[in-house]
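Notes follow the structure.
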Amino acid sequence: MKILLTGISGTIGTLLAPELGRDHVVSGVDLRPSDWPNFTQADLCDPDALPPIFEGIDVVVHLAADPRHEVEIGWEELTNPNLIATARMYDAAHDAGVRRVIFVSSMHTMGGYEFDEPYLSIVSGRLDGLDPASIPLVTGDAPARPDSRYGATKIFGESLGRYYTEGGNIDRPDERPMEVICVRFGTLPRSNRPEKDYRSLVSWISKRDAVGFFRACIEKPGIGYEIVYGASNNTWKIYDTPYAYELLNFVPADNASEHWGKE
């Protein structure tokens with residue numbers, strides 16, 4: 001397949017490109033330069049620049065975004081990279097007849113649940129008396145509760161994905177609708193180890209699990225529109241990652257609890 005990675009110069013893009021390039025044709029686009037051979041430096045907010053980049057692409061993995069989720073990060077920082085660029089990406093993919101878009105969303109779309117018990121105790125490290133097997137998991141179809149403007153921008157991208165799978169072909173009823181998988185991604189540290197905060201016990205995904213997870217998203221047939229959570233098979237869970245494992249026939253190899261606190 002021909003795969004386009006937007007934001008190829010970022011942490012996830014630089015990890016995925018060589019791995020996916022083993023058996024797919026991978027191209028990339030980013031505002032920042034990249035050493036990837038099939039690369040275009042361009043602004044996704046510029047619709048005139050996008051048609052040749054998206055032409056002939058089978059799958060788009062949309063990684064491009066400003067990842068900052070702190071409360072002080074406002075619309076000045078987020079509007080272009082997270083809203084306009086995402087909308088332009090979907091338009092360009094639709095116009096080019098791209099079969100599938102994998103929209104990399106975030107667990108921050110649902111971070112409001114982490115202010116409720118028992119989730120608050122988990123992310124605060126108050127684990128005594130809690131049974132990880134009995135924690136009710138937040139599903140992909142639960143009401144969105146973003147914890148930041150960043151999280152809200154990702155909900156926007158998810159809603160556009162729903163539109164393009166259900167309503168985007170109204171003007172072209174004979175064409176096959178786009179397939180969209182929204183991945184509410186966890187945390188992929190460059191160190192490949194969980195961070196020292198307790199939330200990492202929930203959100204961490206290892207590099208090898210990230211590669212396998214995205215490969216499954218790309219290659220799994222029979223997808224319409226799905227929201228899935230992306231993390232390793234961590235003992236402590238808040239979000240329904242097992243649904244993704246089953247849907248995608250993906251078997252994660254790692255668990256944050258086996259690596260947390262180790263140097």
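Every read-out reported here was derived from the displayed coordinates using simple, explicitly stated rules and does not represent laboratory data. In this text, all values refer to a predicted model and were calculated from it rather than measured experimentally. Here Cβ is always computed from backbone atoms with ideal geometry, including for glycine, and neighbour counts include all displayed protein chains.
See the values below:
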| read-out | value |
| --- | --- |
| Calculated FRET value between R176 and N249, using beta carbons and R₀ = 22 Å, to 0.05 | 0.45 |
| Gyration tensor verdict on region 1-53 (Cα atoms; rounded if a/c is under 1.5, prolate if a/b is larger than b/c, oblate otherwise) | oblate |
| For region 92-109, 3J(HN,Hα) per residue [Karplus equation, 6.51 cos²θ - 1.76 cosθ + 1.60, θ = phi - 60°, Hz, x = Gly/Pro] | 5, 5, 4, 5, 8, x, 4, 6, 9, 10, 9, 8, 7, 8, 7, 5, 5, 5 |
| Contact order normalised by residue count of region 2-258, Cα under 8 Å, 6+ apart, percent | 18 |
| A42 long-range amide H proximity, modeled H, under 5 Å | D30, L31 |
| Simple spin-label estimate for I84 and D35 in nanometres, 7 Å along Cα-Cβ | 3.2 |
| Sites E70 and D141, calculated FRET efficiency, Cβ-Cβ separation with R0 35 Å, nearest 0.05 | 0.80 |
| 3J(HN,Hα) from dihedral phi, region 140-151, Karplus parametrisation 6.51/-1.76/1.60, rounded to Hz, x for glycine, proline | x, 9, 5, x, 5, 9, x, 9, 6, 4, 4, x |
| Spacing of the two label points (7 Å from each Cα toward its C-beta) at D23 and D58, in nm | 1.1 |
| Proximal charge balance of A152 [Cβ under 11 Å; K/R count +1, D/E count -1] | +1 |
| Amide hydrogen neighbours beyond the local backbone of Y229, cut-off 5 Å, H modeled | R184, A244 |
| Label point 7 Å beyond Cα of A42 along Cβ direction - residues of region 77-108 with amide nitrogen under 13 Å | 88-96 |
| Cα gyration tensor shape of region 74-139, rounded if a/c is under 1.5, else prolate or oblate by comparing a/b with b/c | oblate |
| Charge dipole magnitude, Cβ of K and R +1, D and E -1 - the chain, Cα centre, debye nearest 20 | 520 |
| Calculated FRET value between Y163 and L120, using beta carbons and R₀ = 22 Å, to 0.05 | 0.05 |
| Amide H contacts of Y239 (H built 1.01 Å from N, under 5 Å, at least 5 apart or other chain) | V138 |
